[in-house]
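Okay, so here's the structure we're looking at.
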Amino acid sequence: MAEIGFYHLTRTPLAQALPRLLGRSLAAGERAVVRCAAPAQVAALDAALWDCAEPDWLPHGTAADGDAELQPVWLTAIDEVPNGARFLFLVDGAEAADLAPYARVFDLFDGGDPAAVAAARQRWLAARAGGHTLSYWQQGARGWEKKQG
């Protein structure tokens, strides 16, 4: 079973929060897949990751770049793990049919969008029913704060 963390974005948008989490993953020696809900979001996040300030360089790729197996972070809108990643980042309501390849899953959702919050609650219930280990994180003044789920 995967360890699934739900990350409630309340202080910064996804394009600012995601690079820091990915940077920590890479620093821990892990590879990541970022699964987007739509192909247009893959392109938008690709640009945002090249322009992010922290970390100042975040190596990543998309299908447009190719060489997936060489990419430490892979951005996609389909259910794939072409880079051997053990960390999965689900953004904007993206879902994964199979969590078996992953040790950790990060489900990031926009706290300012009531529909996104409601959908995250449903994913939480489904993950709990599936027997996964769950944690809930919310952005606070000093960074991510672990809350009771």
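Summed over qualifying helices (DSSP H, 4 residues or more, each -39500 (n - 2.57)) and divided by its residue number, the chain shows a 222 nm mean residue ellipticity of -9500 deg cm²/dmol.
The amide H of residue 107, built 1.01 Å from its N in the peptide plane, has 5, 6, 7, 90 as neighbours under 5 Å, considering only residues 5 or more places off or on other chains. Just checking the listed ones, 119, 48, 64: in the Gaussian network model of the chain with Cα springs under 10 Å, the one fluctuating most is 64. Each 5 Å bin from zero up to the one holding the largest Cα-Cα distance in the chain carries the following percent of pairs: 2, 10, 20, 25, 23, 14, 6, 1, 0.
Counting only Cβ charges, +1 for Lys and Arg and -1 for Asp and Glu, the dipole size of the chain around its Cα centre is about 760 debye.
Counted by Cβ distance under 12 Å from residue 139, the other residues give a net charge of +3, where Lys and Arg count +1 and Asp and Glu count -1.
Considering only 107, 56, 98, the Gaussian network model of the chain with Cα springs below 10 Å gives its largest mean-square fluctuation to 98.
Distance between the C-alpha centres of segment 70-132 and segment 4-23: 13 Å, rounded to the whole angstrom.
Across the chain, the mean sequence separation of Cα contacts (distance under 8 Å, 6 or more residues apart), normalised by length, yields a relative contact order of 35 percent. With Cβ to Cβ distances under 13 Å as the rule, what net charge do the other residues near residue 18 carry (K, R +1; D, E -1)? Around residue 18, the charge tally is -3. Taking a Cβ cut-off of under 9 Å around residue 96, the surrounding Lys, Arg, Asp and Glu residues balance to a net charge of -2, with basic ones at +1 and acidic ones at -1. Taking the chain as a Gaussian network of alpha-carbon nodes connected by springs under 10 Å, the highest mean-square fluctuation of the residues 97, 28, 43 belongs to 97.
Since every read-out is calculated from the coordinates, none of them should be taken as a lab result. Here the structure is a predicted model, which means the values were calculated and not measured. Quick reminder, even Gly has a Cβ in these numbers, built from the backbone with ideal geometry, and neighbours come from all protein chains shown.
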